[in-house]
Amino acid sequence: MKNVFILPRVYKDESKQLRYSIEKNWIKFFDKKKINIIPFISNNRKIENIFKICKPHALVISGGNDIFSKSYEDVYRYKNNIEILKYFLKKKKPILAVCYGFQMITRMKGGKIFKSK
């Protein structure tokens, strides 16, 4: 069975604790395809080691968070996700970027992102 890493949304709960979240539809989708979905939370772990153990075939950068925001959770997600994104690009592994993920890649590659009214 194949493994896919997913980068979850990050938010603060009502008690100001940092939480990670994945939409239930992602889990349903990958279950139907008989693919293991593995939430990936970096926290300064060695990506190379995790890559060797889990052997991911692809990466999903899920939606959520705000690429324009300077809030702690939005900046935290970007900084942690950029490292794994660069690693997947280096390894030439497939990446599915949804909303936030697409904006993240655009920003990393020097593209222009702007809010529309």
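The values are calculated or read from the model by the stated rules, or taken from the named source; none is laboratory data. These figures come from a predicted structure and were not determined experimentally. When we count neighbours, we look across all protein chains shown, and the Cβ atoms used for this are built from the backbone with ideal geometry, even at glycine. Note: areas computed on protein heavy atoms with side chains; ligands, DNA, RNA excluded. Shrake-Rupley method; radii C 1.70, N 1.55, O 1.52, S 1.80 Å.
Taking only DSSP H segments of four or more residues, each worth -39500 (n - 2.57), what value at 222 nm results for the chain once the sum is divided by all its residues, to the nearest 500 deg cm²/dmol? Taken over the chain, the calculation gives -11500 deg cm²/dmol. Apply the Debye scattering formula to the chain, with a single equal point scatterer on each alpha-carbon and no solvent, then give log10 I(q)/I(0) at q = 0.09, 0.19, 0.22 Å⁻¹. Each listed q corresponds, in turn, to -0.24, -1.08, -1.37. Cross-link check: pairs LYS46/LYS79; LYS34/LYS79; LYS12/LYS55 evaluated at a Cα-Cα cut-off of 25 Å; pairs beyond the cut-off: LYS34/LYS79; LYS12/LYS55. Accessible area per residue for segment 1-71 is 65 Å², calculated with a 1.4 Å probe on protein heavy atoms, without ligands, DNA or RNA. If both residues of a DSSP beta bridge must be in the chain, then about 25% of such bridges are antiparallel. Residues of segment 84-101 with backbone nitrogen within less than 19 Å of a virtual label 7 Å along the Cα-to-Cβ line of LYS32, please, listed as ranges. It comes to 96-98, nothing else. Binning all Cα-Cα separations of segment 50-93 at 5 Å, short to long from zero, yields these whole-percent fractions: 5, 19, 27, 22, 14, 10, 4.
Protein heavy-atom surface of the chain, 1.4 angstrom probe: 54% of the accessible area is carbon and sulfur, with nucleic acids and ligands not counted. Loop-resident chymotrypsin sites (Phe, Trp or Tyr not before Pro) (DSSP state other than H, G, I, E or B) in segment 63-110 with no more than 15 further Cβ atoms inside 10 Å of their Cβ: PHE68.
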